[in-house]
Amino acid sequence: MSIGNSPEDERPFEDERVEDDHEEARPSIGRVLQQARIAAGLTVDDISSATRVRMNIVHAIEADDFTACGGDVYARGHIRTLAKAVHLDPAPLLAQYGDTHGGRPAPTPAAPLFEAERIRPERRGPNWTAAMVAAIVVVIGFVGFTMFQGSDDSAGEANVAEGSTPGASAPPTTKSKKPAEPKPEPSDSAIAAAPQDKVTVRVAAADGRSWIAAKDHNGRMIFDGVLKQGDSKTFQDSSKVHLVLGDAGAIDLFVNGKKIEDDFQPGSVERLTYTKGDPEAG
């Protein structure tokens, strides 16, 4: 009779070894974000401009170094922001971060991480002087209106008494008011039309959703977000508009009142710049 473990006794250790191999085979968070960025055709500078996360932090996260984030709460926020920018679901990455960094942190009453701190105005008491002045103006206006109406009615009755004959009554005069015509909604052509001294670019998500970023001639970000199918945005600048389209195949472009007929492929990333002279006539 042999002394030792049976195959059944050894089986749990084999399962644990398989699970360890599976954990080792799973790519790291930084590697997943870096591969998704490269697949989207974006540089670290593009991601930093689009998400407002500093370039050194983007490099550190892609190298799986989260110390530059300043804590778990900030690290989770950066992971979520970078994942959305490269069209990834942030939930699996956040779960993986929790597995390797001690789980989900306790909630903190801090202000939103990526919003500028709002300056609360000082609370002031009611302005009684302004309220009294407004009340007096209302009373004077009401009294004046009442007196004007009374004098107008008296004059009308006197005119009827002098000009009417017994048994006859003057027919009432009515003024026909022409109904106000509703203002027409601006059409696509009216929105796309632009003054000649400026450059106007209209971006419409016609065939699907797409992330877009737009900058003015000074390089200042004027829009950064995702357009859902059917949404549109119009950008205007004195000389130049820079665009980055995350999925150019889903976008229709109108530049200075004319539709751009470029054959963009679905899923392609395009970097475009338009000026007052674009597109060329004809």
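The values are calculated or read from the model by the stated rules, or taken from the named source; none is laboratory data. Just so you know, these numbers come straight off a predicted model, no measurement behind them. Ideal geometry is used to build each Cβ from the backbone, glycine not excepted, and the neighbour counts take in all protein chains shown. To get the accessible areas, we keep the full protein, side chains included, count just its heavy atoms, and leave off ligands, DNA and RNA. Shrake-Rupley method; radii C 1.70, N 1.55, O 1.52, S 1.80 Å.
Structural remarks
- Inside the stretch 267-280, residues that are without any contact (Cβ under 8 Å) to a residue 40 or more places away in the chain and part of a loop (DSSP other than H, G, I, E, B) make up a count of 4.
- Residues that are at pLDDT below 85 and either touching a helix residue (DSSP H, G or I) at 6+ places or on another chain (Cβ under 7 Å) or open to solvent by 70 Å² or more (accessible area, probe 1.4 Å) (or both) were ranked within the stretch 248-265; the one that is nearest to HIS217 (Cα to Cα) is GLY257.
- Each residue in the stretch 203-231 was checked for being without any contact (Cβ under 8 Å) to a residue 12 or more places away in the chain and of a type outside the set (D, E, K, R), and 1 pass.
- When PRO105 is tested against (1) at pLDDT 60 or above; (2) assigned to a loop (DSSP other than H, G, I, E, B); (3) surrounded by 13 or more Cβ atoms within 10 Å (Cβ to Cβ); (4) more than 22 Å from the chain's Cα centre (by Cα), just one condition goes unmet, and that condition is (1).
- Leading residue by the ranking (surrounded by the fewest Cβ atoms within 10 Å (Cβ to Cβ)) among those in the stretch 62-96 that are among the charged types (D, E, K, R) and in a helix (DSSP H, G or I): LYS84
- Restricting the stretch 250-281 to residues that are within 22 Å of the chain's Cα centre (by Cα) and acidic (Asp, Glu), the residue that is nearest to ALA213 (Cα to Cα): GLU270
- Residue match in the stretch 232-247 (condition: under 21 Å from ILE38 (Cβ atoms), among the basic types (Lys, Arg), without any contact (Cβ under 8 Å) to a residue 40 or more places away in the chain and open to solvent by 50 Å² or more (accessible area, probe 1.4 Å)): no
- The residues of the stretch 27-61 that are in contact with a helix residue (DSSP H, G or I) (Cβ under 7 Å, 6 or more places away or on another chain), touching a residue at least 12 places away in the same chain (Cβ under 8 Å) and either loosely packed, with under 15 Cβ neighbours inside 10 Å or among the hydroxyl-bearing types (Ser, Thr, Tyr) (or both), listed by number, are THR51, ASN56.
- Residue under evaluation LYS228, criteria (1) under 16 Å from the mean Cα position of the chain (by Cα); (2) open to solvent by less than 20 Å² (accessible area, probe 1.4 Å), criterion not met: (2)
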